[in-house]
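Below you'll find the structure, written out as C-alpha cells, and then a few comments.
Every number in this text was worked out from the coordinates using simple rules, so none of it is lab data. A quick note: this is a predicted structure, and the numbers were derived from the prediction, not measured. Glycine gets a Cβ as well: all are built from the backbone with ideal geometry, and neighbour counts include every protein chain shown.
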Amino acid sequence: MTSEKYSLIIIGGGITGLSCALAWVKNRDPSQYPVLLLEKQPIVGGMVTTFKRKGYSFDTAQLIPDPVELFRYLQIDCELKKYEGYFSRIFLVNSNQVTGINIPSGYNAFMEMLLQRYPAEQKSIRKFFSYSQQMFGELKNLKLEPTLPDLIKLLFVCPKIVKNSSKTFSKYFRSFGFTNPELIEVFDVFAAFSGLPAERAVTMMTVGAMNTSLTGAFRPAQNFIHLPHIMKRKAIELGCQVRTRAKVKKIIIEDGRAAGVQLDNGETLYSEHIITTIDTKVAMHDLVGIDILQQVDPKYAAKAQQVKMSPSAVTISLGIDTGIDLAALGLDCGYNVITTGKGTFEKLFQAFDRGEYLLDQRCFHAAVICPSLTTGGKPTVIIRVVPVPMGNWKELRDNNTALYKEKKEEIADFYIRQVERYLIPDLSKHIVVRDIATPATFERYSGSPTGSNYDMSPYPDNFGLKRLKMRTPIKNLYQPKFSHGLWPSMQAGLQVVDMITGGEIMNGYSRYRTEYT
Ligand SMILES: Cc1cc2nc3c(=O)[nH]c(=O)nc-3n(C[C@H](O)[C@H](O)[C@H](O)COP(=O)(O)OP(=O)(O)OC[C@H]3O[C@@H](n4cnc5c(N)ncnc54)[C@H](O)[C@@H]3O)c2cc1C
C-alpha cells in the first residue's frame, strides 16, 4: 500500500486512457494534482498496436478521421499521412460482376462524385448533404450533461439532432427519397464505418463518421504503435505517472464513492477521481461489482448489464513478396471494401445475433488495407472481417488448438480467395507470412470477454442522451467509453476531464473545438 493519494487514477492505457492523461496534465499541475495511468500490458496502446512477424510489421488500426484539431490540443506530435485523392474504394460484387466506386476525400468532392454518378438523384443528394452538414454543425451546441434549461434550448439550437436522435441511419437517408439501389449501397458502406449496418446504427454516429472522415482521413506516417508511444512520452514529460504490467482487480468503493483501486498483486492505490477506460461491462461487473452498482442505482446497473457490446472480428494479416505492385492496383488509399451488397452487412449481423458467422461467397463483406504503402517496409495486406461473434473461439483456443487453427485457417482461406478474385490477382501465390487474429485473440489482449473491437455499439438506445452515462452513479467514478474509433476515443478523453474539472476544457459541450481554448 502506498501512502500517496492521487488526484486521478486512469485504468487502461489505450487511446482513451492516454487522452485522459494528456488532457489532465494540460489542465492540472501534476505536482499538485498527481495522476497515475495503469495499464495491464507491458506496453500502452490497447487496440492500437503493431506486431512483427518474420520482419513484417502489422498494424491493427488503420485510419483516423481528421484528428488535427485534437492532436494540436493534446500536443501529440505525430507525423501523419493524409489520404488525398480518394480515401476509400467500394467494390460491389454481384455474381461475377464487380462495380468499383471511388470515394474521394473531402465532403464536397464526395457530393460532386455522387451528383455526377447519379444525376437522377441530384435533388435528394444536395438536400442530404446540406442537411447532414448542418446537423453535424449542431453538435457544437450539444452539452454532455444538459440541465433542464439546456434541454429546452436544444429544441432551438439542435433541431435536426433532436429530430433524428432515435432514427437509424437507414431510416434517415431513405427519408431523402433515394431510389437508386447502387447509391443506397454506398450509404450502407458508410454506415459500416460506424461499426453497424445502416438498419441499426444511430443516424448521428454515421453522419459524424462521414463528416470527420470526409474532411480528411489520416494515418500515422510510421506504424500505428508510434501514436500511443508518442502520447505516453508526452504525458510522462508533462508529469503523468505511467505504470505498465499493472492490472487493476477491483475499484474500491467506500460510502458510495470510488476511493481507489486494488491491483492484482494486492497493492492498493488511493485517488480522488477514477476513470475506467477498459471494457465497460468488465469494469461495471468485475471491478465495481454489479451488486454494488445495483444498490447505488438499479437503473444504471440494469442498463450496464443490457447494453449491447460491439462485435468482434477476424483480422488476416498477410506479409507478401515483392511480386505484386500494390500501388498499381490502387491500394494506396485508406480502405477498400469488397461487399456483395443488397443488405449484406445486416444479414451478417443477423447471423452474428445467432452467434454465427457466414462463409458464403454470395454474402460477404471485408475491408482490405495495405499499410506498408504508407509506412514503408516489407509489403503487407490486411483483411478485416466484421462482425464475428465470440462463439466458441476462446474455448477452442484453450482446449483444442488443432481445431482452433483449422477454423481460423478456413476463414482466412475464404477471404483470401475473395480478395484474390476481386482485388489482388494471384495474391495467394505471393503470401510469405499469414497471421490470423480471431475474437479469442482480441479477448486475450484487451480483456473484453466478447472480444469487442469498439466497446458499446452505437444503437439508437445507447447514444447521445440515452447512452450509459459517463458519470457513473458511484461518486467520482467515470467511464468515458465511446463506441467506435480513435477520434471518439480522443474526444471522450477530453470530455471526461472537462467533466471532472467543471468544464475547463470545453465548458460542458460534447465536441471539442479550437475556440474553447
Ligand atoms: C483490429 C482493430 C482495428 C481497428 N481499426 C480502427 C481504425 O482503423 N480506426 C479507428 O478509428 N478505430 C479503429 N479501431 C477501434 C479503436 O482501435 C478503438 O476504438 C480504440 O483504440 C479504443 O481505445 P480505448 O482506449 O477506449 O480502449 P482499448 O484500446 O481497449 O484500451 C483499454 C486498455 O485497458 C487495458 N486494460 C484492460 N483491463 C485492464 C485492467 N484490469 N487493468 C489495467 N489495464 C487494463 C487494456 O490492456 C488496454 O490497453 C480498431 C480496433 C481494432 C481491434
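Provide the gained length on full extension for the span residue 417 to residue 431, in nm with one decimal, where the gain is 0.36 nm per separating residue minus the Cα-Cα distance. Could you put the intermediate results ahead of the total?
On the way: separation 14, 0.36 × 14 = 5.04 nm, distance 1.23 nm.
Separation in residues times 0.36 nm, less the Cα-Cα distance, equals 3.8 nm.
Once a ≥ b ≥ c are taken as the square roots of the eigenvalues of the Cα gyration tensor of the range 374-454, is the result rounded (a/c under 1.5), prolate (a/b larger than b/c) or oblate (a/b not larger than b/c)? Here the range 374-454 falls in the prolate category.
Packing, taken as the mean count of other beta carbons within 10 Å per residue, orders the peptides 15-28, 39-52 from highest to lowest as 15-28, 39-52. In the range 145-273, a dipole from Cβ-located charges (positive for Lys and Arg, negative for Asp and Glu) runs towards its positive end, and of 271, 223, 239 it is 223 whose Cα lies farthest in that direction. Classification of the range 91-142 by its C-alpha gyration tensor yields a prolate form. The axis ratio a/c (a ≥ b ≥ c) is 1.5 or more, and a/b outweighs b/c. Peptides 286-298, 397-409, ordered by how many other C-beta atoms sit within 10 Å of their residues on average, highest first, read 286-298, 397-409.
Using the Cβ-Cβ distance between residue 27 and residue 325 with R0 set to 60 Å, the FRET efficiency from 1/(1 + (r/R0)^6) comes to roughly 0.75.
Between residue 243 and residue 51, what's the calculated FRET efficiency when r is the beta-carbon distance and R0 is 25 Å? Round to 0.05.
Efficiency, rounded to the nearest 0.05: 0.65.
The lysines within cross-link reach of residue 81, meaning a Cα-to-Cα straight distance under 20 Å and a gap of 8 or more places when in the same chain, are 378. Between the amide H of residue 47 and those of 15, distances stay under 5 Å, these residues lying 5 or more places away or on another chain, with hydrogens modeled in the peptide plane.
From least to most packed, judged by other beta carbons within 10 angstrom and beginning with the fewest, 342, 54 follow the order 54, 342.
Size descriptors for the range 327-442: radius of gyration and Dmax over Cα atoms are 14.9, 44 Å. Volume of the convex hull of the range 35-162 (Cα atoms only), normalised per residue: 247 Å³.
Expressed as a rounded percentage, what relative contact order does the chain have, with Cα pairs under 8 Å and six or more residues apart? Value for the chain: 24 percent. For residue 26, list the lysines whose Cα falls under 16 Å from its own Cα; do not include residues on the same chain fewer than 8 positions away. Correct list for residue 26: 232, 234.
If a/c stays under 1.5 just call it rounded; otherwise compare a/b with b/c (prolate if a/b is bigger, oblate if not). Do that for the range 304-364, with a ≥ b ≥ c from the square roots of the Cα gyration tensor eigenvalues. Provide the component values of the computation, followed by the final result.
Working: a/c = 2.55, a/b = 1.96, b/c = 1.30.
Judged from the Cα gyration tensor, the range 304-364 comes out prolate (a/c at least 1.5, a/b above b/c).
Projecting the Cα atoms of 192, 338, 452 onto the dipole axis of the chain, where Lys and Arg carry +1 and Asp and Glu carry -1 at the beta carbon, places 192 farthest toward the positive end. Near residue 468, once Lys and Arg are set to +1 and Asp and Glu to -1 for all other residues with Cβ below 14 Å from its Cβ, the sum equals +4. In this Cβ point-charge picture (+1 for Lys and Arg, -1 for Asp and Glu), the range 382-444 has a dipole of about 100 debye about its Cα centre. The three principal axes of the Cα atoms in the chain give end-to-end lengths of 67, 57, 42 Å, sorted in falling order.
Rg/Rh for the range 211-324 to two decimals, with Rh computed the Kirkwood way over all alpha-carbon pairs. Show your work: numbers first, answer last.
Working: Rg = 19.7 Å, Rh = 18.2 Å.
We get a ratio of 1.09 for the range 211-324.
Write down the percent of antiparallel bridges among all DSSP beta bridges whose residues are both part of the chain, to the nearest 5. Please report the intermediate quantities before stating the final value.
Working: 51 of 73 bridges.
So the antiparallel bridges in the chain amount to around 70 percent.
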